[in-house]
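For reference, the structure discussed in these notes is given below.
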Amino acid sequence: ASATSNGSTLHSASNGTAATAATTTTPGTRFFLRSPFMLTCLPPSGFVIPCFQSAISNRNQAQSKKDFTHQRSVDTFYFHCHQRFSIKMSSKASSSAPPSSIKLVGLVIAWYAGNTFYNIYNKKATNMIHAHWFVACAQLVVGMLWSMVMWGTGMRKTPNLTASDIAACVPIGLCACLGHAGSVLAMGVGAVSFAQIVKACEPVFAAAIGILMPPVEFKPVLAYAMLIPIVGGVGIACIKEGKGVDINYTAFAWASVANLAAAIKGKVGGSVTKALKGDKSKNMDSANVYAVMNIISFLFTVPMVVIAEMSTLQEEWDKACDEHGAQALIMNIVLSGFFFYVYNEFAFAFTASVGAVTSSVLNTAKRVIIIVVSSIVFVEPMERNTVIGSAIAISGTFAYSLASKKAPPKKKTA
């Protein structure tokens, strides 16, 4: 610090801060600027009485120590503020970084593998016991137990939801219940390949729901045009050589219920899940969103088990155990539930990373793998019309997903 006794300006460069003060002083006055906030002034030595020299010196030492402590606390405060700001900015930068290609490939492989194994073990379980609502409910229980373990051990943060948050999730959970049960029942009463072909019609239901349910959402014209090969392909797949139209109406109806539920869930659930994920205090990442929906779906499935199958459930269970063995039955139900939960969790994580359009495209490609694998494992006949029709329908779904992507808004030029 520096001072001018005959001038009127005082300067300090402490911590990059400049302090100015207008003063009128006696020549020879000494200034000691310890901080931007404190100023120590001593009279010239000629005016100091010798007997008070020691007292003045002690006072100056105490004042200097106080000023130093004050300045150190200020410096510490600014250091911690800068440190916390830097950490916050770095965490934002890391969170906004795009996911690595290796991570995305791993998610897709896990998603496809989990979905394929789920369809295999689900079909085995529904072939063993004719209580398909019960199988669907038991599969959800496996996922619930998995979530409880993850939350109980602290490996995953527990959701922090209010009553209003849960109420907003109830319609989504109901749709999830109908979508899951519809798929299980469709594959239980019919071939896995046929159920997958019918489920390729999901874009038709999504387009209709987008128009009929507010807020109205219109797709590009090309996307609507792609609905024609989807419907036509499914129709061709239902035509058997020498038999004409051959449809398993029960399987077709339940697969259509699953499509309708999935379309409604996508319509009403997007804004809710986005809001939950956006509030970090709720601990609702993609995995926890699915876990909560899984629990609500289970609560809606239980009444259906009671209504539709409770009267014959014990009889069907005993019959399945006598014919196939309790161990094999339980193993297929548990494994189907495990892979159902795992593949959906990976699918949610992948969608959160790349967006709905890319996820929809890969979901279409996934159906091809399931149809081929299920045809081999369960020796399901694939006639020429079935192959052609499924190829057309799946290609149409693929094209619909790409055509549904809206072009980014054009930037306004000044």
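The values are calculated or read from the model by the stated rules, or taken from the named source; none is laboratory data. Not measured: the values here are computed from a predicted model. Note that each Cβ is placed from the backbone with ideal geometry, even for glycine, and that neighbours are counted across all protein chains shown. We work out accessible area using only protein heavy atoms, side chains counted, and drop any ligands, DNA or RNA first. Shrake-Rupley method; radii C 1.70, N 1.55, O 1.52, S 1.80 Å.
What do you reckon, is Met148 surrounded by fewer than 17 Cβ atoms within 10 Å (Cβ to Cβ) and assigned to a helix (DSSP H, G or I)?
Here the answer is yes, as Met148 does meet what is asked.
Looking at Lys219, Lys240, Lys274, Lys282, which is the one that is basic (Lys, Arg), over 24 Å from Ala136 (Cβ atoms) and over 28 Å from the mean Cα position of the chain (by Cα)?
Lys240
This table checks each residue for (1) among the β-branched types (Val, Ile, Thr); (2) farther than 27 Å from Ala308 by Cα; (3) open to solvent by 10 Å² or more (accessible area, probe 1.4 Å).
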{"site": "Ser100", "(1), (2), (3)": "no, yes, yes"}
{"site": "Gly106", "(1), (2), (3)": "no, yes, yes"}
{"site": "Met128", "(1), (2), (3)": "no, no, yes"}
{"site": "Met155", "(1), (2), (3)": "no, yes, yes"}
{"site": "Leu161", "(1), (2), (3)": "no, yes, yes"}
{"site": "Cys177", "(1), (2), (3)": "no, no, no"}
{"site": "Val192", "(1), (2), (3)": "yes, no, no"}
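Checking the condition touching a Ser or Thr at 6+ places or on another chain (Cβ under 8 Å), at negative phi and not polar (S, T, N, Q), which residue from Val334, Val342, Val302, Val289 passes?
None of the others qualify; the one that does is Val289.
Hey, could you check region 243-272 for residues that are among the basic types (Lys, Arg) and in a helix (DSSP H, G or I) and say which is most open to solvent (accessible area, probe 1.4 Å)?
Going through the qualifying residues, I end up with Lys265.
Inside region 208-224, can you point out the residues that are in a helix (DSSP H, G or I) and touching a residue at least 40 places away in the same chain (Cβ under 8 Å)?
Result: Ala208, Ile209, Gly210, Leu222, Ala223.
Where residues in region 203-242 are farther than 26 Å from Leu185 by Cα and β-branched (Val, Ile, Thr), which of them is least open to solvent (accessible area, probe 1.4 Å)?
Checked region 203-242; the qualifying residue least open to solvent (accessible area, probe 1.4 Å) is Ile211.
Can you name every residue in region 364-381 that is open to solvent by 40 Å² or more (accessible area, probe 1.4 Å), modelled with pLDDT of 80 or more and part of a helix (DSSP H, G or I)?
Passing the criteria: Val368, Ile369, Val372, Val373, Ile376, Val377.
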